[in-house]
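K.L.:
One structure, pasted below without further comment.
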Amino acid sequence: MGIPSGHYEGGTLVIDTVGVKTDRKYAMVDLFGTPYTKSLHVVERYSLRDYDDVKDAVERNIKENWLPVGDVFSQHRGKFLQLHLTIEDEGVFTTPWTATLTYVPGPDQIAEGVCAENRAQYYYNDDADVPTANKPDF
């Protein structure tokens, strides 16, 4: 939705995005509905981190947040993916703001799930073309 430019700084992947389109009906930065303007500037920094580097963030997460699948963080001793995000938009915010998100790898096995066909496209407010058959295929 914008013009990203990526490069590495050591072992960190940096993605710098400007020119984010504002012509969407409900253009927002986050799930809280925070709007943005053509001045939006997003910098994402992705890096692999060891447990000792993210231990404080993991402990704070366990203490402060609801974990729907339980504590999957504190037993993991491999690499963690950490995203440090900086958002600037002088048309909306008085100062840049940052957030850090820490991800742990999921389980080796993913449970099978079945998706029901859904003809509704809520984002266009119309029906979708769902493949149908005139006769059974078995």
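The values are calculated or read from the model by the stated rules, or taken from the named source; none is laboratory data. All values reported here derive from a predicted model rather than from experimental measurement. We place every Cβ from the backbone using ideal geometry, glycine too, and count neighbours over all the protein chains shown. All accessible areas refer to the heavy atoms of the entire protein, side chains included, with ligands and DNA or RNA removed. Shrake-Rupley method; radii C 1.70, N 1.55, O 1.52, S 1.80 Å.
K.L.:
Look at Ser47 and say whether it is farther than 19 Å from Ile3 by Cα, in contact with a Ser or Thr (Cβ under 8 Å, 6 or more places away or on another chain) and either in contact (Cβ under 8 Å) with a residue 12 or more places away in the chain or in a helix (DSSP H, G or I) (or both).
P.N.:
So Ser47 passes the test.
K.L.:
Give Thr86, Thr95, Thr100 a once-over and let me know the one that is modelled with pLDDT of 95 or more and out of contact with any Phe, Trp or Tyr (no Cβ under 8 Å at 6 or more places or on another chain).
P.N.:
Thr95
K.L.:
Applying the selection to segment 65-85, what residues are more than 27 Å from Gly11 (Cβ to Cβ), open to solvent by less than 60 Å² (accessible area, probe 1.4 Å) and of a type in the set (A, V, I, L, M)?
P.N.:
Leu67, the sole residue that qualifies.
K.L.:
Scan segment 50-71 residue by residue and report those that are assigned to a loop (DSSP other than H, G, I, E, B) and closer than 17 Å to His84 by Cα.
P.N.:
Asp50
K.L.:
Follow-up question, since we're still on this one. Might you check whether a residue that is within 27 Å of Glu9 (Cβ to Cβ), touching a Ser or Thr at 6+ places or on another chain (Cβ under 7 Å) and at pLDDT 85 or above occurs anywhere in segment 103-118?
P.N.:
There is no residue in segment 103-118 that is within 27 Å of Glu9 (Cβ to Cβ), touching a Ser or Thr at 6+ places or on another chain (Cβ under 7 Å) and at pLDDT 85 or above.
K.L.:
To continue, here is another question. Here's a check for you: in segment 1-32, which residue that is of a type in the set (Asp, Glu) and either assigned to a loop (DSSP other than H, G, I, E, B) or touching a residue at least 40 places away in the same chain (Cβ under 8 Å) (or both) is nearest to Asp89 (Cα to Cα)?
P.N.:
Among residues in segment 1-32 that are of a type in the set (Asp, Glu) and either assigned to a loop (DSSP other than H, G, I, E, B) or touching a residue at least 40 places away in the same chain (Cβ under 8 Å) (or both), the one nearest to Asp89 (Cα to Cα) is Asp30.
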